[in-house]
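Visitor: After the structure tokens below, expect a handful of questions from me.
The values are calculated or read from the model by the stated rules, or taken from the named source; none is laboratory data. Here the structure is a predicted model, which is why all the values come from computation and not from measurement. Glycine also receives a Cβ, built like all others from the backbone with ideal geometry; neighbour counts cover every protein chain displayed.
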Amino acid sequence: MTNTSAPPPPPAPPAPSQAPSRTSDPVLRGPVRGPFLPPGDMEQAVTAYHLATSPARRWDVESAVNWSAADADRLTDGQRSAVRFVTLIEDHLPGYFAVYTRRFPLTADVDLADFAHHRELYHFTVRWAVEEDSHARALFRYQTESGIVDADTLRRELAVEGRKPFELPHDDAVALFAYALVQEKATQIYYQQLRAVVGDPVLAELLGRLSRDEARHFTFMADVVERYLRTHGDAVVEPIRDVIARFRMPLADTMRGYWRWALRIADTARYDHTDAYDHLIRIVNRAVDARTDRVEELTRFIAECRSGAAAPA
Ligand SMILES: [Fe+2]
Ligand SMILES: [Fe+2]
């Protein structure tokens, strides 16, 4: 998507005194239902993720980029607006992390087999959360060092959105993984697209690091979803279909001005979460040797939901 006209000004920051809209707050849900992967399978997926996060690929906010060279004067208004938008999304990490702790609980009322599975998953979740939190910190730092906004103003902006609850409208475990698969891939693609156009090399360097992390997060979710399909077959097709049928990027239903803002950032760099759907189709095809009618219908449906495809029946 390109825009030859002057980029619109970024939306006004949310008023600090404004209370979150109670009408759009999602209902927080309890533990997800199975089936789950055998704990040994989850452990293999988690180990592959940790192996992919070798020390050479790790980075830290303090030393990864040359902060003193960050310069927002090299960005267009649209690029600044995009940075502000993705900072809000990344900064909601406490809400995303709470989904995993609430829906895959590690408490006394969880039966032993489920607990063993959730404990393996937790080895992924905590590492993933550290990485996502570093994304939030790095984008915060970029905004303040480059001169987009001062720290106190930004903290207030982030708090307005950050205190709103986050939930996914699904109750099957596989649906949470399929959702994350699409969201991580869509985020990776957007960071790559934005990186290609931004005028500040410091921001380009940062976006490169973020997109590589999101690629690893996607790979983990793809591995898990593929294992679900191999292990449980048709039983997990409907929950995956439901994810696509109801897909919204994080905060789409709660962030003030989300849709208007999302359209604006798509003018700066291509932003279309359905770009990730081809990757999901590929994983389904890879996982399923003997295609059943339900799997056929699933891949057809996902393809139809791709932007530009004919509207699904
Ligand atoms: Fe991230
Ligand atoms: Fe991620």
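Visitor: Taking the stretch 22-32, which residues are exposed (fewer than 15 other Cβ atoms within 10 Å of the Cβ) and within 27 Å of Ala178 (Cβ to Cβ)? Break it down into steps so the answer makes sense when it comes.
Guide: Going residue by residue through the stretch 22-32, those that are exposed (fewer than 15 other Cβ atoms within 10 Å of the Cβ) are 22-30.
Across the stretch 22-32, the qualifying residues are Ser24, Asp25, Pro26, Val27, Leu28, Arg29, Gly30.
Visitor: Could you tell me which residue of the stretch 301-311 is modelled with the highest pLDDT, considering only residues that are surrounded by fewer than 17 Cβ atoms within 10 Å (Cβ to Cβ) and not in a helix (DSSP H, G or I)?
Guide: Ser307
Visitor: Let me ask something else. Please give the helices (runs of 4 or more DSSP H) falling wholly within the stretch 64-155 in which 1 or more residues are of a type in the set (Gly, Ala, Ser) and within 30 Å of Arg33 (Cα to Cα). Let's see the steps before the verdict.
Guide: Values: elements: 77-90, 93-103, 112-146.
Hits in the stretch 64-155: 93-103, 112-146.
Visitor: So which residues in the stretch 288-300 are surrounded by fewer than 18 Cβ atoms within 10 Å (Cβ to Cβ) and closer than 28 Å to Gln192 by Cα?
Guide: First, the residues of the stretch 288-300 that are surrounded by fewer than 18 Cβ atoms within 10 Å (Cβ to Cβ): 289-294, 296-297, 300.
The one that is surrounded by fewer than 18 Cβ atoms within 10 Å (Cβ to Cβ) and closer than 28 Å to Gln192 by Cα: Arg300.
Visitor: Same structure, new question: Taking the criterion of being within 16 Å of ligand 1 (Cβ to nearest atom) and among the aromatic types (Phe, Trp, Tyr), would at least one residue in the stretch 213-230 satisfy it? Walk me through how you get there before you give the answer.
Guide: Let us first name the residues in the stretch 213-230 that are within 16 Å of ligand 1 (Cβ to nearest atom), namely 213-221.
Now narrow it down to the ones that are among the aromatic types (Phe, Trp, Tyr): 218, 220.
So far as the stretch 213-230 goes, yes, one or more of its residues are within 16 Å of ligand 1 (Cβ to nearest atom) and among the aromatic types (Phe, Trp, Tyr).
Visitor: Which of (1) among the hydrophobic types (A, V, I, L, M, F, W, C); (2) out of contact with any Asp or Glu (no Cβ under 9 Å at 6 or more places or on another chain); (3) more than 20 Å from Glu157 (Cβ to Cβ) does Ala276 not meet, given it meets every other one?
Guide: (2)
Visitor: Another question, then. Could you pull out the residue among Arg156, Arg137 that is farther than 22 Å from Gly208 by Cβ and in contact (Cβ under 8 Å) with a residue 40 or more places away in the chain?
Guide: Arg156
Visitor: Which condition number does Phe177 fail, the rest of (1) under 30 Å from Ala70 (Cα atoms); (2) away from ligand 1 (no atom under 16 Å from the Cβ); (3) surrounded by 20 or more Cβ atoms within 10 Å (Cβ to Cβ) being met?
Guide: (1)
Visitor: Are any of the residues in the stretch 195-207 within 16 Å of ligand 1 (Cβ to nearest atom), within 12 Å of the chain's Cα centre (by Cα) and hydrophobic (A, V, I, L, M, F, W, C)?
Guide: Within the stretch 195-207, not a single residue is within 16 Å of ligand 1 (Cβ to nearest atom), within 12 Å of the chain's Cα centre (by Cα) and hydrophobic (A, V, I, L, M, F, W, C).
Visitor: Right, something else. From the set of residues in the stretch 102-155 that are buried (at least 20 other Cβ atoms within 10 Å of the Cβ) and among the aromatic types (Phe, Trp, Tyr), which is nearest to ligand 1 (Cβ to nearest atom)?
Guide: Result: Trp128.
Visitor: Name the pairs: first residue in the stretch 80-102 and closer than 13 Å to Met249 by Cα and among the aromatic types (Phe, Trp, Tyr), second residue part of a helix (DSSP H, G or I) and away from ligand 1 (no atom under 15 Å from the Cβ), Cβ to Cβ under 6 Å, at least 6 apart or on different chains?
Guide: Phe85/Trp261; Phe85/Ile265
Visitor: Do the conditions hold for Tyr190, that is, is it over 26 Å from Val237 (Cβ atoms), within 14 Å of the chain's Cα centre (by Cα) and part of a helix (DSSP H, G or I)?
Guide: Numbers: over 26 Å from Val237 (Cβ atoms): yes; within 14 Å of the chain's Cα centre (by Cα): yes; part of a helix (DSSP H, G or I): yes.
Here the answer is yes, as Tyr190 does meet what is asked.
Visitor: Considering each residue of the stretch 159-188, count those that are among the aromatic types (Phe, Trp, Tyr) and touching a residue at least 60 places away in the same chain (Cβ under 8 Å), and give that number.
Guide: Keep residues of the stretch 159-188 that are among the aromatic types (Phe, Trp, Tyr), which gives 166, 177, 179.
Keeping just the survivors that are touching a residue at least 60 places away in the same chain (Cβ under 8 Å) gives 166, 179.
Of the residues in the stretch 159-188, 2 are among the aromatic types (Phe, Trp, Tyr) and touching a residue at least 60 places away in the same chain (Cβ under 8 Å).
Visitor: Can I ask one more? Could you tell me whether any residue of the stretch 74-87 is within 16 Å of ligand 1 (Cβ to nearest atom) and more than 18 Å from the chain's Cα centre (by Cα)? Full working, then the answer.
Guide: Quick first cut of the stretch 74-87, residues within 16 Å of ligand 1 (Cβ to nearest atom) only: 82-87.
Filter once more, keeping what is more than 18 Å from the chain's Cα centre (by Cα): none.
Among the residues of the stretch 74-87, not one is within 16 Å of ligand 1 (Cβ to nearest atom) and more than 18 Å from the chain's Cα centre (by Cα), which makes the answer no.
Visitor: Got a sec? Which of Gly208, Gly199 is modelled with pLDDT of 95 or more, surrounded by fewer than 18 Cβ atoms within 10 Å (Cβ to Cβ) and within 16 Å of ligand 2 (Cβ to nearest atom)? I'd like the intermediate steps shown before the answer.
Guide: On the way: Gly199 fails: within 16 Å of ligand 2 (Cβ to nearest atom).
Sole residue among the options that is modelled with pLDDT of 95 or more, surrounded by fewer than 18 Cβ atoms within 10 Å (Cβ to Cβ) and within 16 Å of ligand 2 (Cβ to nearest atom): Gly208.
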